[in-house]
Amino acid sequence: MKVLDLGTSSLREVNSVLQTATTGEFVVSNPQGAHALGCGLDAPVTLRVEGPVGYYCGGMNQQANVLVDGNAGTGLAENIMSGTVTVTGNAGQSAGATGHGGLVVVQGNASARCGISMKGVDIVVGGDVGHMSAFMAQAGALIVLGDAGADLGDSIYEAQLFVRGSTTSLGADCVEKEVRPEHLDFLAVRLADAEMDANPADFSRYGSARMLYNFHPDDVNAVEAAR
């Protein structure tokens, strides 16, 4: 295990070591809220960050397993492709945004727009998520063990949303759907992956009503009337 100290090394130096590694375990000490730490990793390495991080930690991750022992700022694991990014505390806005694959775990709360435009990533949040979470979510799953803020799943495509607590309101074209056995099986697997203790049967499922997929002729009249 190699220790990289941001108290004595620059962020560029630390990221260079991480980005060029092909295997191994690394610990980053004294992160001091650094932005863009551990971005662009593309190897099966393990990274543990001993403290809070700033914006975009673990962004564009491929293959690596990243653990942040603390809180994370905006854009955690943005555009993640594979691997895992886990935060033991809370995450700022847009956690897991545009993610194509992999698993993002926030053990605490996630702020607004969690999972915005997600494209295949699975996100598990142990607490609550803020407003506009899963906005324009295209694929993947957002699993929330707490409550969801206003306009959940606004303009959603085919992502699946599971909320154990309450939802303040649903966004445009997002509706509650039946929880079938295959969804319970999926939840059981992903909750185990995230090391979250919850009963899959306690979750409600939300998804697209598919009313915004196609253009309707009457929309033309509405636009003309508004002019």
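Considering the range 17-86, what Rg and Dmax in Å follow from its alpha-carbon atoms?
Both quantities, over Cα of the range 17-86: 10.4, 28 Å.
Sketch the reach of a paramagnetic label on LEU184 as a point 7 Å from Cα along Cα-to-Cβ, and name the residues of the range 121-141 whose backbone nitrogen lies under 18 Å away.
Answer for the range 121-141: none.
Just how many % of Cα pairs in the chain lie over 33 Å apart, if you round to the nearest whole percent? Show your work: numbers first, answer last.
Numbers: 5344 of 25651 pairs.
More than 33 Å apart: 21 percent of the Cα pairs in the chain.
³J(HN,Hα) across the range 147-153 via Karplus (A = 6.51, B = -1.76, C = 1.60, θ = phi - 60°), whole Hz, x for Gly/Pro?
Once rounded to whole Hz, the list reads 9, 10, x, 5, 6, 4, x.
Please report the relative contact order for the chain, taking Cα pairs under 8 Å with a sequence separation of at least 6, and give it as a percent rounded to a whole number.
9 percent
If packing is taken as the average count of other Cβ atoms within 10 Å, what order do 3-11, 140-148 fall into, highest mean first? Intermediate values should be presented prior to the final figure.
Numbers: 3-11: 13.6, 140-148: 23.9.
Going by the mean number of other Cβ atoms within 10 Å, highest first, we get 140-148, 3-11.
Rounded to the nearest Å, what's the spacing between the alpha carbon centres of the range 161-181 and the range 78-103? Just the number, please.
Rounded to whole Å, the Cα centres lie 21 Å apart.
Under 8 Å for C-alpha pairs, at least 6 residues apart: give me the relative contact order for the range 98-182, rounded to a whole percent.
Dividing the mean separation by the residue count of the range 98-182 yields 23 percent.
We did not get these values from a lab; they are worked out from the coordinates using the rules stated. Predicted, not measured: the structure shown is a model, and the values here were computed from it. Note that we place each Cβ from the backbone using ideal geometry, even for glycine, and neighbour counts take in every protein chain shown.
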